[in-house]
1. Please compute the Kirkwood hydrodynamic radius over the stretch 14-105, one decimal place, Å, based on all pairs of different Cα atoms.
2. To two decimal places, what compactness ratio does the stretch 158-261 give when its Cα radius of gyration is scaled by 2.2 N^0.38 Å?
3. Quick one: the Cα spread of the stretch 284-385 along its three principal axes, in angstroms, biggest first?
4. Counting pairwise Cα distances across the stretch 361-456, what percent come out greater than 23 angstrom?
5. With everything on Cα atoms, drop me the angle between helix 233-259 and the longest principal axis of the chain, reported from 0 to 90° to the nearest 10.
6. Ranked from highest to lowest mean number of other Cβ atoms within 10 Å per residue, what is the order of the peptides 37-50, 107-120, 147-160?
7. How large is ³J(HN,Hα) for each residue in the stretch 366-375, as worked out from phi by the Karplus curve 6.51 cos²θ - 1.76 cosθ + 1.60 (θ = phi - 60°), to whole Hz, x for Gly and Pro?
8. For S193, which sequence-distant residues (separation of 5 or more, or a different chain) have an amide H within less than 5 Å of its own amide H, given hydrogens modelled in the peptide plane?
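Since every read-out is calculated from the coordinates, none of them should be taken as a lab result. Keep in mind it's a predicted model, so treat the numbers as computed, not measured. Cβ atoms come from the backbone with ideal geometry, glycine included; neighbour counts cover every protein chain shown.
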Amino acid sequence: MKKLWGGRFTKSAEQWVDEFGASISFDQELVMEDIQGSIAHVTMLGKCGILPQVDVEKIKVGLENLQQKAELGELQYSIKMEDIHLNLESYLIEDVGPVGGKLHTGRSRNDQVATDMHLYLKNQTLNVIELIKELQIALIEQAEQHIETIVPGYTHLQRAQPISFAHHLMAYFWMLERDKQRFTECLKRINISPLGAGALAGTTFPIDREYSAKLLGFDGIYENSLDAVSDRDFILEFLSHSSILFMHLSRLSEEIILWSSQEFQFIELDDAFSTGSSIMPQKKNPDMAELIRGKTGRVYGNLFGLLTVLKGLPLAYNKDLQEDKEGMFDTVKTVIGSLKIFTGMIATMKVNTSVMENATKSDFSNATELADYLANKGMPFREAHEVVGKLVLTCIQKGCYLADLDMMEYKLASELFEGDIYDALQPYNAVNRRNSAGGTGFVQVQIAIEKAKKLVK
């Protein structure tokens, strides 16, 4: 098979060299974007009078035929043709004759592939934004059912203060909201057109880059042809935002894994998102949460891989940039699959409310309530902290909890204690009173949920 760039060469590479240099095994993912970009490009060539309209129409018909075949999975790709661009151009010439070779007028594979990736990543980013929104909705729906479900809140993985379980879930909603904002913001850099920048220096043909950009739905064009073909910042942004997203998903995965353990028993995952053991019949493993936690490493790796590829590249295009695609495709696939799994996992998980509530009654997470109680009666908080710390020590020595101490012991600690202290110690009351903005009080949690609902509409 004759290479479309072979005129200057007197010797062909061996097959294994072709295989090493070819990208068709993975860049065929860009087939629809490549055809879309070619249709816009040839339409522009006709509009500018660079190609006669009869040639333009013939090429467009050929490209539309290729589009239909691609949709049906009927195209077979050759390593000899290296990449998706030359494979499609070869098919086009085979279909419409030598006129198909005019399609490449005024462009290079360098601006062509960059255009493909901008189109691909725009569509995938919009998809990711919608999937984040679906996960946010699942979190809201679970939170609405558990505004008054009390659960231990932790710092250092030690019980700290009782909180609303809805409040805990909504913390992840707001993390995802920032993720959504980041992906939305990076669309500004994704949605610009490199098409017509040529190999690096533009072209002598009187093309209209703004017109082809408009046909492709881009907001504008790159202002510098060198930058247009060498820029991969837009991919780095996507990979970076995906890494932050996965850090959030991994944190929630870790909590789900803990909560579903025998030690916690706070939740039970649906069977659809769990697996068993080949040897231990009783096991129900949170494998999907574990897998998402594990996939965080590959998402991070794809970001650092591309950063390393780009760090020493001179302008403009270099073959190294062929390494920009596999990590991008892999991250897109991983992000989309993980968000879908997570949405189903959150929507179907069973919350063991009684276990959560009982957990808050067998610890010292209400100690801060005592300190606040004394502070409200005029004792400096640092003194109150000392008094309560000693009471906790007394309980530890006696093998009981703060609610078990009698009034005499409280009076010995401070005359400020009254009979209402036992109401203050109740986890439900402790949570409900925390009504500062953004706090875990039930009123504040309901306000946060209503705000969240407006954001996902």
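1. Evaluated on the stretch 14-105, it is 13.6 Å.
2. 1.67
3. 72, 40, 18
4. When all Cα pairs of the stretch 361-456 are counted, 32 percent exceed 23 Å.
5. Tilt of helix 233-259: around 30 degrees.
6. Highest-to-lowest ranking by the protection proxy: 107-120, 37-50, 147-160.
7. Computed from phi, the couplings for the stretch 366-375 are 9, 4, 4, 4, 5, 5, 5, 4, 5, 5 Hz.
8. The answer is G220, I221, Y222.
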